[in-house]
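A short write-up of the structure that comes next.
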Amino acid sequence: MTEISTQEHILFDFEITEAVFLKFWDFSLFRSQNHSRKKKAILTLIIVMAPSLLIFNLVYYGLIYGNFLYLLDIFDWVLALFPMMFGAYFLNLCFFQGKKAYHKNPAQKAHVSVDFGPDGFHLSVTSSVSQTQSELSYQVIQKAYETKDAFYLYPSKNTAYIVEKAGLIQGNMTAMRLNLQKALKKKYILCK
């Protein structure tokens, strides 16, 4: 059995493609330890609850008491349609806005190189519109998530660094995980 050294450097080199960005988009909407379960629960709730007031009005006033839909004023219909509009907005956000955001911003299509060391990491991002190099300490990271496909490192609530696991070119991912866990403690979350 080989011994894992937390002093080694772990290198990643990958492209942020549409598929990689959409995985991140999906994760960021339902960010939690069990993001896939949370996504299923919220989408099921929205699909069930969004049309409930409209169906209630149609069944209660339309079928049970005969055709008395004319008793409902505009406020009743707006109140019934509001959950439908919210549900449509949220479903649009989940399934369509990620692709729009990726294609709208050319900086999203980038080549990323990351060098993780024992105390921090060096990040190099090259896109068609910019080139950025940063040297960051692990203390800058407010929260880190590890999914089966990637690491998402959040230096702020609304900003994240994507590190695609398939882009590993050198080193041991376990050493990186140990360095992150040591530096971030409870702020490092392993997702199921």
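Under unit Cβ charges (Lys, Arg +1; Asp, Glu -1), what dipole magnitude, rounded to 20 debye, does segment 46-173 have relative to its Cα centre? Before the final figure, lay out the partial values.
On the way: 8 positive and 8 negative charges, 50 e Å.
Roughly 240 debye for segment 46-173.
Helix-only mean residue ellipticity at 222 nm, the chain, DSSP H runs n ≥ 4 weighted -39,500 (n - 2.57), per residue, nearest 500. What is it? Don't skip to the answer; put the middle values down first.
Working: 6 runs with 77 residues, N = 192.
Using -39500 (n - 2.57) per qualifying helix, the result is -12500 deg cm²/dmol.
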| request: Please name which of Phe68, Thr44, Val78 has its Cα lying farthest along the dipole of segment 33-100 towards the positive end, using unit charges on Cβ (Lys, Arg +1; Asp, Glu -1) and the Cα centre as origin. | output: Thr44
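Hey, what's segment 1-125 come to in accessible area per residue, 1.4 Å probe, Å²?
Numbers: 7980 Å² over 125 residues.
That works out to 64 Å² for each residue.
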| task | Can you send over the carbon and sulfur percentage of the accessible area for segment 98-152, probe radius 1.4 Å, protein chains only? | result | 49 percent
| request: Give the cross-link partners of Lys100 among the lysines, using a straight C-alpha distance below 22 Å as the criterion and excluding same-chain residues fewer than 8 apart. | output: Lys23, Lys39, Lys109, Lys157
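Which order, highest average first, do 14-20, 70-76 follow once you tally other Cβ atoms within 10 Å for each residue and take the mean per peptide?
Details: 14-20: 15.9, 70-76: 10.1.
Order by mean packing, descending: 14-20, 70-76.
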| query | Measuring from label point to label point, each 7 Å out along Cα→Cβ, what is the Ser124 to Glu15 span in nm? | reply | 1.8 nm
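So what is the orientation-averaged projected area of segment 16-151, using the convex hull of its C-alpha atoms, in nm²? Walk me through the intermediate numbers first.
On the way: hull surface 46.9 nm².
One quarter of the hull surface, i.e. the mean projection, equals 11.7 nm².
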| remark: Between the Cα axis of helix 18-29 and the main Cα principal axis of the chain, the angle (0 to 90°, nearest 10) is 60 degrees
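For Cα pairs less than 8 Å apart in space and 6+ apart in sequence, what is the mean separation divided by the residue count of the chain, i.e. the relative contact order in percent? List each step's numbers first, then the result.
Working: 275 pairs, mean separation 59.6, N = 192.
It comes to 31 percent, rounded to a whole number.
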| Backbone HN-Hα couplings from phi across segment 101-117 [Karplus 6.51/-1.76/1.60, Hz, Gly and Pro as x] | 5, 5, 6, 6, 10, x, 6, 5, 7, 9, 9, 10, 10, 10, 10, 8, x
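The values are calculated or read from the model by the stated rules, or taken from the named source; none is laboratory data. Keep in mind that this is a model prediction, so the values were computed, not measured. We place every Cβ from the backbone using ideal geometry, glycine too, and count neighbours over all the protein chains shown. With ligands, DNA and RNA removed, areas are computed over all heavy atoms of the protein, side chains included. Shrake-Rupley method; radii C 1.70, N 1.55, O 1.52, S 1.80 Å.
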